[in-house]
Amino acid sequence: RGYCSRRLRRLRKTLNFKMGNRHKFTGKKVTEEILSDNRYLLLILMDAERAWSYAMQLKQEANTEPRKRFHLLSRLRKAVKHAEELERLCESNRVDAKTKLEAQAYMAYLSGMLRFEHQEWKAAMEAFNKCKTIYEKLANAFTEEQAVLYNQRVEEISPNIRYCAYNIGDQSAMNELMQMRLRSGGTEGLLAEKLEALITQTRAKQAATMSEVEWRGRTVPVKIDKVRIFLLGLADNEAAIAQAENEETKERLFESLLSECRDAIQAVREDLKPDQKQREHSLENDSGKVSNLQYLHSYLTYIKLSTAIRRNESMAQALQKALLQPQRAEEDGKRSPRPQDLIRLYDIILQNLAELTQLPGLEEDKNFQKEVGLKTLVYKAYRCFFIAQSYVLVKKWSEALVLYERVLKYAREVQSGAGAHTNSLKELPDVQDLITQVNAEKYSLQAAAILDANDTHEAESPSQVKDGKPLSERFETFCLDPSLVSKQVSLVHFPPGFQPIPCKPLFFDLALNHVAFPPLEDKVEQKAKSGLTGYIKGIFGFKS
């Protein structure tokens with residue numbers, strides 16, 4: 001909005017198309033007769049864009065201040081009015097066919113947005129369809145570079161059309177909207193809020209028939225609407241994550257699912273607070289069996305932790321693929337992936353698994369504890385593997401070999417303890433592949449260690465030994481020192497070291513006691529003669 005205002009001011013100043021002066025306003029209109037410069041069309045376009053951007057600003061503010069919705073509709077009507085003026089001016093013979101079509105599409109789009117806000121679904125869908133048709137024809141008529149922009153506009157309009165169709169009565173449009181939302185990981189713009197409200201409303205209708213949920217052999221009643229809506233949408237969200245096209249979309253869907261799960265858990269916690277006394281009474285009567293509400297809280301927490309584990313595992317798999325690719329130079333300040341990054345992810349996964357074992361109501365479930373224990377061993381094995389990989393990079397062969405043996409130990413424990421829990425381990429990484437990879441890495445490590453030992457012996461030859469002396473102290477000795485061409489070259493000792501120097505001599509006067517001074521008796525006697533007699537002679541002017 002601010003940009004459009006500044007652009008309008010610059011255009012009016014450049015074209016000398018001012019609206020009066022600072023004392024009086026004089027309105028002017030752009031007519032066909034003055035279309036000698038295409039910048040006159042930009043004046044109308046900037047007016048429309050400024051009104052539209054102000055409407056979008058008011059739409060955000062209307063979430064907390066509903067009265068601003070009336071101002072929003074007023075600005076949208078103003079934008080449509082400017083778009084109609086632009087379309088009328090573009091009908092002139094001075095305007096080419098492409099600009100005419102773009103002006104018509106722009107007018108149809110803004111008109112559809114206004115009808116959309118007024119919830120006039122049929123009129124809005126007709127306007128959006130007209131806009132979509134024009135952009136599709138323009139995309140087919142021009143080069144691929146220009147077609148990309150037109151196709152992008154078509155993709156932005158399609159969800160609005162399907163939303164209008166759903167409100168008219170087309171039930172199949174709901175599924176298409178869900179697929180659009182899931183493919184993009186969430187919609188943006190004017191449609192986002194309405195689509196989320198529509199999905200929530202649809203799930204709320206289904207939630208009215210949902211009264212209970214079963215988990216690990218126990219049926220729990222569900223009375224909180226927010227929890228019902230979350231549980232109904234859980235399957236759709238998991239299916240969307242499985243069908244995600246790229247890692248970025250999958251990450252957004254994981255975050256959306258975790259956010260909804262946290263909201264559901266918070267709703268259960270609010271009901272748990274006033275139910276504290278009842279839960280304590282239930283624990284006493286049922287011999288340690290937790291209440292239904294507490295068990296539902298444990299179930300939702302299990303979903304949250306399991307989703308976090310799957311998200312971190314997905315990120316770990318993406319990092320593993322990046323590690324297998326040839327390393328490239330760092331671009332745009334981005335650091336290339338390292339095994340240390342994977343170690344952090346597996347630490348978080350292990351922390352989540354530790355929290356799973358402490359869920360209320362599952363302490364006595366031996367099968368659950370066994371499954372979590374096996375999953376912990378699997379992720380510990382992968383964590384040790386990547387710690388070993390990081391030691392290999394710094395040539396700590398013995399530490400890496402010990403960690404590889406630890407990986408094999410964990411993997412064999414998983415294989416021996418899997419048994420009846422094979423189904424629960426299907427979603428985890430294959431341990432057998434890890435064993436095969438570790439065995440191959442061990443042989444590679446032993447070979448690298450032998451080669452490194454040989455290189456060490458060669459490095460100890462007299463021509464390559466570096467004794468730490470600077471260059472100024474070994475001019476007479478030939479030495480291969482690669483540091484001389486680096487930024488930390490050692491030329492001289494700086495600051496220089498302290499060196500011993502002779503002290504300043506101290507003189508003691510020992511002859512003083514053996515010196516014979518000259519006699520001073522004659523001077524002492526002459527001084528003694530002068531006294532009262534001399535004083536009197538001086539008074540009377542007699543001098544000796």
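The values are calculated or read from the model by the stated rules, or taken from the named source; none is laboratory data. Just so it is clear, the structure is predicted and the values come from calculations on it, not from any experiment. Neighbour counts are summed over all protein chains in view; Cβ atoms, including those assigned to glycine, are modelled from backbone coordinates with ideal geometry. Just the protein is used for accessible areas: all its heavy atoms, side chains included, with ligands, DNA and RNA removed. Shrake-Rupley method; radii C 1.70, N 1.55, O 1.52, S 1.80 Å.
Could you figure out which of (1) open to solvent by 40 Å² or more (accessible area, probe 1.4 Å); (2) part of a helix (DSSP H, G or I); (3) among the aliphatic types (A, V, I, L, M) isn't true of residue 103?
(1)
Going by what's in this entry, would residue 263 be described as open to solvent by 30 Å² or more (accessible area, probe 1.4 Å), touching a residue at least 40 places away in the same chain (Cβ under 8 Å) and of a type outside the set (A, V, I, L, M)?
So residue 263 fails the test.
I need a count of the residues in region 240-262 that are closer than 19 Å to residue 303 by Cβ and part of a helix (DSSP H, G or I).
Going through region 240-262 one residue at a time, the tally reaches 16.
Can you confirm whether region 260-280 contains a residue that is acidic (Asp, Glu), farther than 16 Å from residue 222 by Cα and modelled with pLDDT under 75?
Yes, there is a match, as at least one residue in region 260-280 is acidic (Asp, Glu), farther than 16 Å from residue 222 by Cα and modelled with pLDDT under 75.
When region 133-162 is examined, which residues are found to be of a type in the set (Lys, Arg) and either at pLDDT 90 or above or open to solvent by 70 Å² or more (accessible area, probe 1.4 Å) (or both)?
Answer for region 133-162, where residues must be of a type in the set (Lys, Arg) and either at pLDDT 90 or above or open to solvent by 70 Å² or more (accessible area, probe 1.4 Å) (or both): just 137.
Could you grab me the full set of residues in region 142-160 that are over 15 Å from residue 97 (Cβ atoms) and not in a helix (DSSP H, G or I)?
143
Out of everything in region 377-397 that is open to solvent by less than 30 Å² (accessible area, probe 1.4 Å) and not hydrophobic (A, V, I, L, M, F, W, C), what residue ends up being nearest to residue 265 (Cα to Cα)?
This residue is 379.
Would you mind telling me which numbered condition in (1) over 26 Å from residue 342 (Cβ atoms); (2) at pLDDT below 80; (3) not in a helix (DSSP H, G or I) residue 456 fails?
The one condition residue 456 does not meet is (3).
May I ask you to verify whether residue 139 is touching a residue at least 12 places away in the same chain (Cβ under 8 Å), more than 21 Å from residue 54 (Cα to Cα) and in a helix (DSSP H, G or I)? Explain how you work it out, then say what you get.
Values: touching a residue at least 12 places away in the same chain (Cβ under 8 Å): yes; more than 21 Å from residue 54 (Cα to Cα): yes; in a helix (DSSP H, G or I): yes.
Yes, satisfied.
Take the residues of region 343-366 that are in contact with a Ser or Thr (Cβ under 9 Å, 6 or more places away or on another chain) and at pLDDT below 85: which is least open to solvent (accessible area, probe 1.4 Å)?
The qualifying residue least open to solvent (accessible area, probe 1.4 Å) is 362.
Residue 95 versus (1) open to solvent by 50 Å² or more (accessible area, probe 1.4 Å); (2) not in a helix (DSSP H, G or I); (3) not polar (S, T, N, Q): which is the lone unmet condition?
Here residue 95 clears every test but (1).
Out of 49, 85, report the one residue that is within 33 Å of the chain's Cα centre (by Cα) and acidic (Asp, Glu). Spell out how you get there, then give the answer.
Details: 85 fails: within 33 Å of the chain's Cα centre (by Cα).
Answer to the selection: 49.
Could we say that residue 445 is open to solvent by less than 60 Å² (accessible area, probe 1.4 Å), at pLDDT 80 or above and in a helix (DSSP H, G or I) here?
Yes.
For region 59-75, which positions are among the hydrophobic types (A, V, I, L, M, F, W, C) and either surrounded by fewer than 18 Cβ atoms within 10 Å (Cβ to Cβ) or closer than 16 Å to residue 5 by Cβ (or both)?
62, 70, 73
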